[in-house]
Every structure is written in structure tokens, then in C-alpha cells.
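Q: Pasting a structure below so you can have a look.
The values are calculated or read from the model by the stated rules, or taken from the named source; none is laboratory data. As the structure is a prediction and not an experimental result, all values here were calculated from the model. Cβ sites come from the backbone with ideal geometry, for glycine too, and all protein chains shown count toward neighbours. Protein only, heavy atoms only, side chains kept; ligands, DNA and RNA dropped before computing areas. Shrake-Rupley method; radii C 1.70, N 1.55, O 1.52, S 1.80 Å.
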Amino acid sequence: SCAHRSMKVLPTLALLAVSAVTLRAAPLRVFIRGGEKSHGPEAHEHERFLNDWKKLLNERGMKADGAKDWPNAMQLSKTDVLVMYAQDGANATDEQKENLAKFTKRGGGIVVIHTAVVGQDTAWWKSVIGGAWVHGKTKWREGPMKLHFSETGNPGGPHPITKGALDFDMDDEIYYNMDMSPDVRVLADSDTGDGDPKIQAQMWTYEKDNYRAFVCIPGHLYGTFERPNVRAILLRGICWAAKRDKLDEFCKPEEIKGLSEPGK
């Protein structure tokens, strides 16, 4: 009968509604690959970042874990985005490279900060995140720098990660003369003050196969991570790498406001 059929349909619809809610409510799972501290006070605070940001991301509603080394295959299987901040963070064994390849093949995202662009196998790491440090060629400059958001005049609008961000001055460190893929999308750059070309990428995205990578070179000094605008960009970058629709989902209002008022 029609009534009997509708009774069968109702539980099915209820199940679909429950599964839709479950999918929507699935937490964003992040693994932070940290490392040992490698510089003086307030610089390269890899372990501090690991501990502080694991707490911060969990408080914001993500499901964050981490360690001072690469996650193993089991840990990666439970991760949506791998956040990396470690001295020579790209140094990896063959097994770790294989684990990462499986992770990106299924669409796992990567966010790389500062020292994690450095590793022994430049060609491999460039192929994964779009650009990498080259030993003997790449240079750095510590001190005052101006971060310029490259897409301010982009007719299609800026990238969602840096939407609304204004240029700002900061005390940190730039890397330049890296080995860069032509396929990266440069979101921010800085003047090296050292020869030609002077302007070089300091933030970029890289999309390949089924995954996304976001790279942020600023992060030498720990105070950088306490800037509201930098926090907003990193939180957006994690969401973008996870292919989330709402990039501001985990940001606080003062962090979003900090993008357009970076000096405050």
C-alpha cells in the first residue's frame, strides 16, 4: 500500500539526514610535524609551535595531533592536512616518502612553514610542494621585511587564503633563490634587496593530481605566529588544503580584521 511504502521511505530519509549531518560535522583532522628547536631565543621554536598549535587547533574545533617527526602510515591514514614546521623538515626516508605519496594520492593536504621547505632531496620536495630550498644556492635574510600580497590587482580577485590581506612590515626572515616550479601560484612576495630578480615568492599554493599544498616562508620568529593576520592566513591555508568550503570557519573575528588592519 502507499502508506506502507511511505513508512519504508521515512526511515531511509532519516538515515540520509543523519549521514549528511555526520559528514558535515566531521572534524578537520590535522597532524603537526614539528621538530627540535634549532636557533636562539624566540627563533625556530618548532617544539613550542607543535605544542601551542596542537592546543589551538583543538580549541578551534579541529582534531589535531602531532610529533617531532613524520607521521607514520597509520597516523597519516587518520589525517586530512599535514602541517610541517621543523628544521630540515623535508628530510625523509624512502618509507616516509612512500607514506606521503599515498597520503597525497587520496587527497591529503600539506601546509609547509619556513624551515620545512628545507631538505636533502630538493627535486623530490619541489615535486611535492612546488618549491624547495637548494643547498649552496638558496639565500636568506633576517630582519625587517615587507610582505607584499601579489594578487592585489588580480582581475579574478585574490586567492581565498589571502583575500582581504593588506601588505605589512614585519621582523622575520625571507628565503630566496629557491628552486620553484612554474606551476605555483604566488600569493605573497618580498624584495630580497640583493640583486636580480629582487622580488621573490614568500607564500604560494601548489595543486597537483588530487591534493593541495600551501607554503608560508615567514615563521622564523615565534612572534610571527602571534600576529592575528598571520594566524588567519595559516588557518585559512589549512582549510584550503583540506578542500573545505568555508576558509574562515576556524578564525576569530580579530584575526580576519587583522588582515585589513595588519599594523594594529
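Q: Looking at residue 190 and the list (1) assigned to a strand (DSSP E or B); (2) open to solvent by 10 Å² or more (accessible area, probe 1.4 Å); (3) among the small types (Gly, Ala, Ser), which single condition is not satisfied?
A: (2)
Q: Can you list residue pairs whose Cβ atoms sit under 6 Å apart, with the first residue in the range 44-56 being of a type outside the set (Lys, Arg) and the second being in a helix (DSSP H, G or I)? Count only pairs 6 or more apart in sequence or on different chains.
A: Here the result reads 45/222, each pair linking the range 44-56 to a residue that is in a helix (DSSP H, G or I).
Q: Being closer than 27 Å to residue 254 by Cα and among the polar types (S, T, N, Q) is the filter; apply it to the range 134-153 and report the residue that is surrounded by the most Cβ atoms within 10 Å (Cβ to Cβ). Don't jump to the end; show me each part of the working.
A: First, the residues of the range 134-153 that are closer than 27 Å to residue 254 by Cα: 143-153.
Next cut, among the polar types (S, T, N, Q) only: 150, 152.
On the way: 150: 21, 152: 11.
Result: 150.
Q: Name every residue in the range 67-89 that is aromatic (Phe, Trp, Tyr) and on the phi > 0 side of the Ramachandran plot, in order of residue number. Before you say what the answer is, go through the steps one by one.
A: Keep residues of the range 67-89 that are aromatic (Phe, Trp, Tyr), which gives 70, 85.
Matches in the range 67-89: none.
Q: Which one of 255, 173 is touching a strand residue (DSSP E or B) at 6+ places or on another chain (Cβ under 7 Å) and surrounded by 18 or more Cβ atoms within 10 Å (Cβ to Cβ)? Explain how you work it out, then say what you get.
A: Working: 255 fails: touching a strand residue (DSSP E or B) at 6+ places or on another chain (Cβ under 7 Å).
Criteria check complete, one pass: 173.
Q: If residue 10 passes every condition in (1) at pLDDT 70 or above; (2) of a type in the set (A, V, I, L, M, F, W, C); (3) surrounded by fewer than 17 Cβ atoms within 10 Å (Cβ to Cβ) but one, which one does it miss?
A: All conditions pass for residue 10, except number (1).
Q: Could you tell me which numbered condition residue 116 fails, if it satisfies all but one of (1) touching a Ser or Thr at 6+ places or on another chain (Cβ under 9 Å); (2) under 22 Å from residue 37 (Cα atoms)?
A: (1)
Q: Out of all the residues in the range 102-116, is one or more assigned to a loop (DSSP other than H, G, I, E, B), open to solvent by less than 70 Å² (accessible area, probe 1.4 Å), at pLDDT 95 or above and not small (Gly, Ala, Ser)? It would help to see each step written out before you state the result.
A: Applying the first criterion (assigned to a loop (DSSP other than H, G, I, E, B)) to the range 102-116 yields 106-108.
Applying the additional criterion that residues be open to solvent by less than 70 Å² (accessible area, probe 1.4 Å) yields 107-108.
Narrowing the set further to residues that are at pLDDT 95 or above leaves 107-108.
Filter again for not small (Gly, Ala, Ser), leaving none.
So far as the range 102-116 goes, no, none of its residues is assigned to a loop (DSSP other than H, G, I, E, B), open to solvent by less than 70 Å² (accessible area, probe 1.4 Å), at pLDDT 95 or above and not small (Gly, Ala, Ser).
Q: Could you go through the range 218-233 and let me know if any residue there is open to solvent by 20 Å² or more (accessible area, probe 1.4 Å) and without any contact (Cβ under 8 Å) to a residue 12 or more places away in the chain.
A: If we filter the range 218-233 for residues that are open to solvent by 20 Å² or more (accessible area, probe 1.4 Å), which is where we start, we get 221, 223, 226-228, 231.
Of the ones still in play, those that are also without any contact (Cβ under 8 Å) to a residue 12 or more places away in the chain are 226.
Within the range 218-233 (the criterion being open to solvent by 20 Å² or more (accessible area, probe 1.4 Å) and without any contact (Cβ under 8 Å) to a residue 12 or more places away in the chain), the answer is yes, since at least one residue qualifies.
Q: For a quick check of your reading of the model, give me the residue pairs whose first member lies in the range 74-96 and is in contact (Cβ under 8 Å) with a residue 60 or more places away in the chain and closer than 18 Å to residue 63 by Cα, whose second is open to solvent by 10 Å² or more (accessible area, probe 1.4 Å) and not aliphatic (A, V, I, L, M), with beta-carbon atoms closer than 6 Å and at least 6 apart or on different chains.
A: Hits for this filter: 80/29.
Q: Give 156, 164, 131 a once-over and let me know the one that is buried (at least 22 other Cβ atoms within 10 Å of the Cβ) and either within 17 Å of the chain's Cα centre (by Cα) or not β-branched (Val, Ile, Thr) (or both).
A: Numbers: 156 fails: buried (at least 22 other Cβ atoms within 10 Å of the Cβ); 164 fails: buried (at least 22 other Cβ atoms within 10 Å of the Cβ).
None of the others qualify; the one that does is 131.
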